[in-house]
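Taking it in order: structure first as structure tokens, then the write-up.
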């Protein structure tokens, strides 16, 4: 009887499991998705309206008076378009961060890479329709290709780091640095050659987050510097800073499906507006 009471007291005394403070991976992924949606509405719909409002002709005129007159007449449209694109800059840094997290946590990196590559191919036609007004064109590829190349570069970095290349600690380190630099050059070079969304810069930014992944404050600081070329992009590291390391809602395939589906729906809207075959990139 005494032992039963002791066990009951021990159970009662055990601290309740508490949730970690901060936000989960699914929460910051939703932030990125919403940001991306806003960006693509701006680019795909308002971008077409800007293109058909005489903007290109005003710019081509090289006459400040013509450009100012155009802004007076179309200022609301233009500044709304600009605001949506600025909000959209938060998306890619978060997706780059989540890619690094996913690489570290995945149980099967081959399946991870295959999934990214597959959805890059699936998304290309909706991407081309949404931004180029063509069923398929090869002048500009969707962001899944950039993420895929970033993942392959991380795989190469990880393989290089784990392999012993030379006798002697110092020489081995030098060889690893040289090979890692070569892997980064190849990944960035392929992205540039394929003209993927964010291209070589996107791969480099992904690798910056990967290199500093072991120390969160340094990763955030390095990420802010790496993304300074896009004015509002460093703001993405505010929610990243509150990330608590937990997965949250299981929504892996939701994002994969959302990307091509929302692009196609945006294009359908522009098609209904009679603007579907106009290129905006």
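The values are calculated or read from the model by the stated rules, or taken from the named source; none is laboratory data. The structure displayed is predicted, hence computed values, not measured ones. Cβ atoms come from the backbone with ideal geometry, glycine included; neighbour counts cover every protein chain shown.
Residue count for the stretch 162-184 satisfying the condition of being within 25 Å of the chain's Cα centre (by Cα) and loosely packed, with under 14 Cβ neighbours inside 10 Å: 2. Is it fair to say residue 146 is in contact with a strand residue (DSSP E or B) (Cβ under 7 Å, 6 or more places away or on another chain) and either surrounded by 17 or more Cβ atoms within 10 Å (Cβ to Cβ) or in contact (Cβ under 8 Å) with a residue 60 or more places away in the chain (or both)? Considered against the rule, which asks whether it is in contact with a strand residue (DSSP E or B) (Cβ under 7 Å, 6 or more places away or on another chain) and either surrounded by 17 or more Cβ atoms within 10 Å (Cβ to Cβ) or in contact (Cβ under 8 Å) with a residue 60 or more places away in the chain (or both), residue 146 comes out as yes. Looking at the structure I just gave you, is residue 80 within 26 Å of residue 31 (Cβ to Cβ) and surrounded by fewer than 20 Cβ atoms within 10 Å (Cβ to Cβ)? Answer is yes for this residue. Identify the residue in the stretch 84-107 that is touching a helix residue (DSSP H, G or I) at 6+ places or on another chain (Cβ under 8 Å) and free of Cβ contacts under 8 Å to residues at least 60 places away in the same chain and, among all such residues, is farthest from residue 198 (Cα to Cα). For the stretch 84-107, the residue satisfying everything is 106. Let me confirm something: among 235, 228, 194, 209, which residue is closer than 22 Å to residue 36 by Cβ and exposed (fewer than 13 other Cβ atoms within 10 Å of the Cβ)? Of 235, 228, 194, 209, the one residue that is closer than 22 Å to residue 36 by Cβ and exposed (fewer than 13 other Cβ atoms within 10 Å of the Cβ) is 228. Only one entry of 54, 102 meets the criterion of being surrounded by 14 or more Cβ atoms within 10 Å (Cβ to Cβ) and on the phi > 0 side of the Ramachandran plot, and that entry is 54.
Considering (1) touching a residue at least 12 places away in the same chain (Cβ under 8 Å); (2) over 24 Å from the mean Cα position of the chain (by Cα), the lone condition that residue 68 does not fulfil carries the number (1).
Restricting to the stretch 244-275, name every residue that is crowded, with 17+ Cβ neighbours inside 10 Å and either touching a strand residue (DSSP E or B) at 6+ places or on another chain (Cβ under 6 Å) or in a loop (DSSP other than H, G, I, E, B) (or both). The one that is crowded, with 17+ Cβ neighbours inside 10 Å and either touching a strand residue (DSSP E or B) at 6+ places or on another chain (Cβ under 6 Å) or in a loop (DSSP other than H, G, I, E, B) (or both): 275.
Yes/no per residue for (1) under 30 Å from residue 128 (Cα atoms); (2) in a helix (DSSP H, G or I); (3) touching a residue at least 60 places away in the same chain (Cβ under 8 Å); (4) in contact with a helix residue (DSSP H, G or I) (Cβ under 9 Å, 6 or more places away or on another chain):
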residue	(1), (2), (3), (4)
167	no, no, no, no
173	no, yes, no, no
192	yes, yes, no, yes
234	yes, yes, yes, yes
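Here residue 248 meets each of (1) within 20 Å of residue 184 (Cβ to Cβ); (2) modelled with pLDDT under 95 with one exception, condition (1).
Of the helices (runs of 4 or more DSSP H) lying entirely inside the stretch 23-66, those containing at least 2 residues that are farther than 25 Å from residue 241 by Cα, in contact with a helix residue (DSSP H, G or I) (Cβ under 7 Å, 6 or more places away or on another chain) and at pLDDT below 95 are 55-60.
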